[in-house]
Amino acid sequence: MECIAPLQLLRRFLTIAALLVCGRMVSLAMEPGRLVSAAASSPGVYRSIRQDLNNGRANDAISLLRQELSKNFTNATAHNLLCRVYIQEEQWSDAEQECSRAIELDPNRSAYHQWLGRAYGGAAAHASLVNAYSLAKKVHAEFETAVRLDAKNLSALSDLGEYLVDVPRILGGGTTHAEQIAQQLKPLSAPRYHELQAKIDEKKSDFTDAEQQWKLAIQTSPNPAEQWMNLAGFYAERKNLASMQQAIQSGIEADPSNGEALVQGATLLIQKHQNLQQAQHMLRQYLASRQQSEEAPVFQVYVQIGNLLASRGEQAAAAQDYAAAHALASSYQPARQASRG
């Protein structure tokens, strides 16, 4: 299995079925879903699980969650968190099962439907064309439900808006509906509004206005490191590599400690085969930071570094990073395969 770049992991899932239909790869931006508070009887355990999830310790998180579920299998929070760990490990069937169970137990929680939509999107990435079509419709339904249950769920609105932009009309997409979602975002989050508007403009091939919208997202964000990386992604798609690298540097300067931005920028450099030494340094900086994130799983970052080292013939050094990934997430297939040589 090809290793999906860390920052793309949860960002591609909402439209991956459409990518199979349309044959186009895109970079998506979404906010991490809010962790649902756990039962008051186990605050210490859930703090540990939250930390494991953010620090990419999938094995530890799964172990703790299974212990919790062995005590109470009707714990919706535990099922949802287990789904999210499985999403990180790209275990789609298990993720769907756990997210579905969380919704059965607590059907009115917006975030649970949003995460099930993401799980369906990930499954579509590895499905046949027919199954991807069916899964995409499920993605749409879950994102719609998430927004209906909480009209102020910013990440659900962004997920739904980006889905509508990127999928064909036959799957419920379209810029008209996406523009309605953008208007819902506008009073809630100016950066998110401009990001979605930029994607709508790109879909319409209005790249001048799209670029301006990406820049407005930067101007309206209190901490624009990630918005700079999104602009870099826009330039990367336009094959404007000089501007891409300038935007990446601006993102680093905006906040050198922003972990997600570091990984997003490094991923772009790797994808475009630009300044790979800097990309490796940025990934190492992320691993050493205190801003590790569920959206950029640490074990996937280790695999990326291992791949960079292996491409330069540094097999022994690569093996160490692959082993580190496997130790954190033994069921993550790229790490498991790489650790076996």
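Numbers for the structure displayed
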| item | result |
| --- | --- |
| Choice from GLN197, GLN245, GLN277 with maximal GNM fluctuation in the chain (Cα, 10 Å cutoff) | GLN277 |
| Set of lysines near LYS186 by C-alpha distance (under 29 Å), chain-local residues within fewer than 8 positions excluded | LYS137, LYS138, LYS152, LYS199, LYS203, LYS204, LYS215 |
| Segment HIS177-ASN131, extension gain: residue separation times 0.36 nm, minus the distance between their alpha carbons | 14.1 nm |
| Cα gyration tensor, segment 178-251 - rounded (a/c under 1.5), prolate or oblate | oblate |
| Reach of LYS272 by Cα under 16 Å, taken over lysines that are not fewer than 8 positions away in the same chain | LYS239 |
| Burial ordering of LEU241, LEU64, LEU328, fewest other beta-carbon atoms within 10 Å first | LEU241, LEU64, LEU328 |
| Förster-model FRET efficiency, 30 Å R0, PHE73 and ALA190, C-beta, rounded to 0.05 | 0.10 |
| Inter-centroid distance (Cα atoms) of segment 147-218 relative to segment 105-133, Å | 20 Å |
| Contact order normalised by residue count of segment 85-129, Cα under 8 Å, 6+ apart, percent | 42 percent |
| Stretch gain in nm, segment PHE207-THR220, where the contour uses 0.36 nm per residue and the Cα spacing is subtracted | 2.7 nm |
| Given 14 as the ceiling on other Cβ atoms within 10 Å, longest exposed-site-free region of the chain for trypsin sites (Lys or Arg not before Pro) in DSSP loops | 35-151 |
| Most fluctuating residue given options GLU104, GLU162, GLU294, as computed from a GNM of the chain linking Cα atoms under 10 Å | GLU104 |
| PHE207, PHE143 arranged by Cβ crowding within 10 Å, fewest neighbours leading | PHE207, PHE143 |
| Formal net charge of residues neighbouring GLN212 (Cβ-Cβ distance under 10 Å; K, R +1; D, E -1) | -3 |
| Listed residues SER110, SER257, SER128, most fluctuating in the chain (Gaussian network, C-alpha, under 10 Å) | SER128 |
| Ranked HIS126, HIS273, HIS113, criterion: other C-beta atoms within 10 Å, fewest first | HIS273, HIS126, HIS113 |
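We did not get these values from a lab; they are worked out from the coordinates using the rules stated. Just so we're clear, the structure is a prediction, and the values are computed from it rather than from any experiment. Ideal geometry is used to build each Cβ from the backbone, glycine not excepted, and the neighbour counts take in all protein chains shown.
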